[in-house]
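Scroll down for the structure; my scribbles are underneath it.
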Amino acid sequence: MPTPLLSRRARPLTGTLRVPGDKSISHRSLIFGGLAVGETTIAGLLEGEDVLATAAAMQAFGCAVERGADGVWRVHGRGVSGLDEPADVIDCGNAGTGARLLMGVAAQQPITTFFTGDGSLRRRPMGRVMTPLSQMGVQFVTRAGGRLPGAVIGPEVLVPIEYTLPMASAQVKSAVLLAGLGAAGETTVIEPKPTRDHTETMLRHFGAEVRVEALDGGGRRVTLVGQPELTGRPVVVPADPSSAAFPAVAALLVEGSEVTLPGVGTNPLRFGLFETLKEMGADITLANPRTEAGEPVADLIVRAGRLQGIEVPADRAPSMIDEYPILAVAAAMAEGTTVMRGLEELRVKESDRLGAMARGLADCGVRVEVAGDDLIVHGGGNGVAGGVTIPVDLDHRIAMAFLVLGMVSEEGLAIDDAAAIATSFPGFADLMNGAGAAIAPGPEAA
Ligand code: S3P
């Protein structure tokens, strides 16, 4: 049964809002914990459906994964190439990151692992990881077009490769490096545009040897020495900047708001949205900057104010790839035009986010254009009409983006199904309502 929600005009948003743990780092902490020998403790794990599916997957590979009464998760790993062959199909739910990283895990030893996922994940392309892993000797059986369900068949002997990413994708980089753990020799990934580096940071944290060289033009060359001994480590997961984006933009847009978002990850390869919002004139302060378990974090203080439309260059996209839906909402409320360039990867996310944002904003009365892979939003500088229901198509970020827009709409704005929000931001509506939002079951309440 779908659970529609209606977001009406909000009171000024105030208070300290604790955003859940980083999804990228949460998936990786469970995976590296499972590939390490000894105990890994994880504080602040995102307990969303995507990550819980990865926890179940690591259990299926024979690792002990449990949540302590103190909320700290403990993983007892099996070591590199020490996993069991899962006895059943691994269901990654909605999680592209879970699926693609776990396909790399499944590749690093001679076992056969079956994967599936929900309706969204089953339409997403897996060819992007199958191509490099095939070069390493891995075999696959999938539906047409490299779609799940599918099986990964790890070879007896993995061939280490050097692979240049054809698209900016941390998931593909990570899948190759994870498979490379099982190969004798050096596995190298060359990324023409830098993408989030949590895999490299964590590989080192768990004891692997990783070299990173900067390339001309901003790219990187990442080399992993294969067959390392990984050792269980403590991990502290920062609050997710991709989730913090929603209350942050809400606070910018709802007049009179001021919120504090503590302990948010500020890794520059993840922080493009906040850089962009500041260029648009946003009042965002980074207080108490510090480093926690190898990742930079800060407390974000966000105050409402006017935003100006700007041009967002294509080379910034990898550092804010998940944030375009909420940036498009901010752009709709800014004065003037915002041009977001180079968004081809948005078409293969949990939904076609380029199409979903263009259609949804147009339905709300915003002037929007899609030109090739660019999204152009003509901001009204004021509220939107609303009064419509947006189909979210199993996409958590489309759902949350339009609930934020509802907070500044004349007639309220509904989404047809809130279920997907639990993949990354359990408790989103309650947290926002506690700060001053008015999100309630709907749309029959409209
Ligand atoms: C992620 C990488 C990005 C991002 C996803 C998380 C990761 O995907 O969209 O939400 O944790 O590596 P791509 O690598 O496909 O761009």
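One line per residue, one yes/no per condition, for (1) outside the structural domain of residue 33 (by TED's automatic domain parsing); (2) at negative phi; (3) out of contact with any His (no Cβ under 7 Å at 6 or more places or on another chain); (4) without any contact (Cβ under 8 Å) to a residue 24 or more places away in the chain:
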| residue | (1), (2), (3), (4) |
| --- | --- |
| 70 | no, yes, yes, yes |
| 78 | no, yes, yes, no |
| 83 | no, yes, yes, no |
| 97 | no, yes, no, no |
| 116 | no, yes, yes, no |
| 119 | no, yes, yes, no |
| 140 | no, yes, yes, yes |
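Taking only the stretch 284-309 into account, find how many residues are in a strand (DSSP E or B) and in contact with an Asp or Glu (Cβ under 9 Å, 6 or more places away or on another chain).
Adding up the residues that qualify gives 10.
State the number of residues belonging to the stretch 5-28 that are basic (Lys, Arg) and in a helix (DSSP H, G or I).
Selection size over the stretch 5-28: 2.
Only residues that are away from the ligand (no atom under 16 Å from the Cβ), farther than 21 Å from residue 416 by Cα and either outside the structural domain of residue 415 (by TED's automatic domain parsing) or not hydroxyl-bearing (Ser, Thr, Tyr) (or both): list them for the stretch 333-358, please.
333, 334, 335, 336, 339, 341 - these are the residues of the stretch 333-358 that are away from the ligand (no atom under 16 Å from the Cβ), farther than 21 Å from residue 416 by Cα and either outside the structural domain of residue 415 (by TED's automatic domain parsing) or not hydroxyl-bearing (Ser, Thr, Tyr) (or both).
What number of residues within the stretch 255-274 satisfy the criterion of being open to solvent by 10 Å² or more (accessible area, probe 1.4 Å), in contact with a Pro (Cβ under 8 Å, 6 or more places away or on another chain) and β-branched (Val, Ile, Thr)?
1
Which of the numbered conditions does residue 242 fail, given that it passes all the others? Conditions: (1) closer than 24 Å to residue 44 by Cβ; (2) open to solvent by less than 30 Å² (accessible area, probe 1.4 Å); (3) away from the ligand (no atom under 15 Å from the Cβ).
(3)
I'd like to verify a number: residues in the stretch 211-223 that are touching a strand residue (DSSP E or B) at 6+ places or on another chain (Cβ under 6 Å), open to solvent by less than 50 Å² (accessible area, probe 1.4 Å) and more than 16 Å from the ligand (Cβ to nearest atom), how many?
Number satisfying all stated conditions: 1.
Are any of the residues in the stretch 47-68 more than 30 Å from residue 305 (Cβ to Cβ), open to solvent by less than 10 Å² (accessible area, probe 1.4 Å) and among the acidic types (Asp, Glu)?
Looking for residues that are more than 30 Å from residue 305 (Cβ to Cβ), open to solvent by less than 10 Å² (accessible area, probe 1.4 Å) and among the acidic types (Asp, Glu), one finds at least one in the stretch 47-68, hence yes.
Scan the stretch 211-256 for residues that are touching an Asp or Glu at 6+ places or on another chain (Cβ under 8 Å), touching a residue at least 24 places away in the same chain (Cβ under 8 Å) and among the β-branched types (Val, Ile, Thr) and jot them down.
222, 223, 225, 236, 237
Looking at the structure I just gave you, is residue 54 polar (S, T, N, Q), part of a helix (DSSP H, G or I) and in contact (Cβ under 8 Å) with a residue 12 or more places away in the chain?
Here the answer is yes, as residue 54 does meet what is asked.
Could you figure out which of (1) open to solvent by 10 Å² or more (accessible area, probe 1.4 Å); (2) among the polar types (S, T, N, Q); (3) in a strand (DSSP E or B) isn't true of residue 382?
Among (1) open to solvent by 10 Å² or more (accessible area, probe 1.4 Å); (2) among the polar types (S, T, N, Q); (3) in a strand (DSSP E or B), the lone unmet condition for residue 382 is (3).
Run down 187, 201 and say which single residue is in the same structural domain as residue 131 (by TED's automatic domain parsing) and within 16 Å of the ligand (Cβ to nearest atom).
201 is the lone residue from the list that is in the same structural domain as residue 131 (by TED's automatic domain parsing) and within 16 Å of the ligand (Cβ to nearest atom).
Quickly run through the stretch 152-175 and pick out the residues that are within 12 Å of the ligand (Cβ to nearest atom) and either touching a residue at least 60 places away in the same chain (Cβ under 8 Å) or not assigned by TED's automatic domain parsing to the domain that holds residue 130 (or both).
Within the stretch 152-175, 167, 168, 169, 170, 171, 172, 174, 175 qualify.
The values are calculated or read from the model by the stated rules, or taken from the named source; none is laboratory data. Here the structure is a predicted model, which is why all the values come from computation and not from measurement. Every residue, glycine among them, receives a Cβ derived from its backbone with ideal geometry; neighbour counts consider all protein chains shown. These accessible areas exclude ligands, DNA and RNA; they are computed on the full protein's heavy atoms, side chains included. Shrake-Rupley method; radii C 1.70, N 1.55, O 1.52, S 1.80 Å.
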